[in-house]
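First the structure, in the form of structure tokens, and then the observations on it.
No lab work stands behind these numbers, since they all come straight from the coordinates. Nothing here was measured: the structure is a model prediction, and the numbers come from that model.
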Amino acid sequence: MIPVSSANIHSIGYDQTLNKLYIQFHTGVTYIYFEVPSHVHVDLMRAGSIGGYHADFIKHNYRYQPA
């Protein structure tokens, strides 16, 4: 998990072997997003607004569950 600068998101991790994206929010809750391509993880980490990128391109586009 890598800490990020975001109002809502605390840290992000990615398992390239399983294409799982891990997002931990400042609330302490972590979600696992499944079948996320590596380029989406890269784009997320490079986004000007990590929370905005998550809301626009990840949250409703990939199956997820609490960790």
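A few notes on this one:
- Computed 3J(HN,Hα) for region 11-19, one whole-Hz value per residue from the Karplus formula 6.51 cos²θ - 1.76 cosθ + 1.60 where θ = phi - 60°, is 7, 9, x, 8, 9, 5, 5, 9, 6, glycine and proline marked x.
- Per-residue ³J(HN,Hα) for region 53-62, Karplus 6.51 cos²θ - 1.76 cosθ + 1.60, θ = phi - 60°, Hz, x for Gly and Pro: 4, 4, 5, 7, 10, 10, 3, 9, 10, 10
- Note on the chain: helix-only mean residue ellipticity at 222 nm, from DSSP H runs of 4+ residues weighted -39500 (n - 2.57) and normalised by residue number, equals -4500 deg cm²/dmol.
- Contact order normalised by residue count of the chain, Cα under 8 Å, 6+ apart, percent: 28
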